[in-house]
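*Asks:* Have a look at this one before I ask anything.
The values are calculated or read from the model by the stated rules, or taken from the named source; none is laboratory data. On a predicted model such as this, the values are computed, not experimentally measured, just so you know. Cβ atoms come from the backbone with ideal geometry, glycine included; neighbour counts cover every protein chain shown.
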Amino acid sequence: MTDILIAARPQDAVPFSWKRRLIRFGSLGAVVGALAIAAATLPLREIGASVETLGAVAPAAVAVVGGLLLSVLVPRTAITLLCGLLLGAATGAIAALAAAIIAATATYYAGRWAGRGALKARAGSKLDRLDGWLNRRGLAAVLLVRFLPLAPFGLVGYAYGTTSVCRKRYLLGTTIAAIPSTVTYAVIGAAVASPGSMNAATLAPAAIGFAISTAIVLRWRYTARRA
């Protein structure tokens, strides 16, 4: 049962030299930087008009473009609001969640390619202990980090790629944590195009997410005190 809940650490992974890691980190940084510059020059008005002409494939196109923008560290709040504005509350929320999953997957594997094993390069170091802590907490650690706005969405994905956290738990935790805020901001974005459609229920998913993250923190404190 334990090995189902906690991912095993890849102890047999071949360690990379720091020179090789720096080259990979530099390459990844250059690609992300170039894509971020390209994203900053996107004609937003033309994109909005183009979405209307895509018809049934518009949600898929928005999800792919949104995933790319999240991967180059564009704030997820802005992407989700835009999805709601362009596609409506329900369809926009689905497209925004798909974009988050796409970005989470891409950044995780990019981080793993660039910095695999970086946290455990020196046994007994603080980074190695951090990697062990994240791995032991598994899904709960991913949920907490994703629920709390500690860093840009894409940056968290790159960081998790350098850890030994199992990709299944990472993607599951990311998806679960993204749902409340995705629904809330998509509804708010849709309300911009249709004023008066937003009500108190709009904030319910965000409140649920905050309650869950608070429960996780309190549970950890209780466990630590017992230990």
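*Asks:* Are any residues in the stretch 129-160 at pLDDT below 85 and part of a loop (DSSP other than H, G, I, E, B), and if so, which ones?
*Replies:* Residues satisfying the conditions are GLY138, LEU148, PRO149, LEU150, ALA151.
*Asks:* Of the residues THR223, THR163, which single one is over 29 Å from GLY88 (Cα atoms) and at pLDDT below 75?
*Replies:* THR223
*Asks:* So VAL74 clears everything in (1) at pLDDT 75 or above; (2) crowded, with 16+ Cβ neighbours inside 10 Å; (3) assigned to a helix (DSSP H, G or I) except one condition, right? Which one?
*Replies:* (3)
*Asks:* Can you pull out the residues in the stretch 96-111 that are farther than 21 Å from ALA190 by Cβ and buried (at least 19 other Cβ atoms within 10 Å of the Cβ)?
*Replies:* Matches in the stretch 96-111: ALA103, ALA104, THR107, TYR108, ALA110, GLY111.
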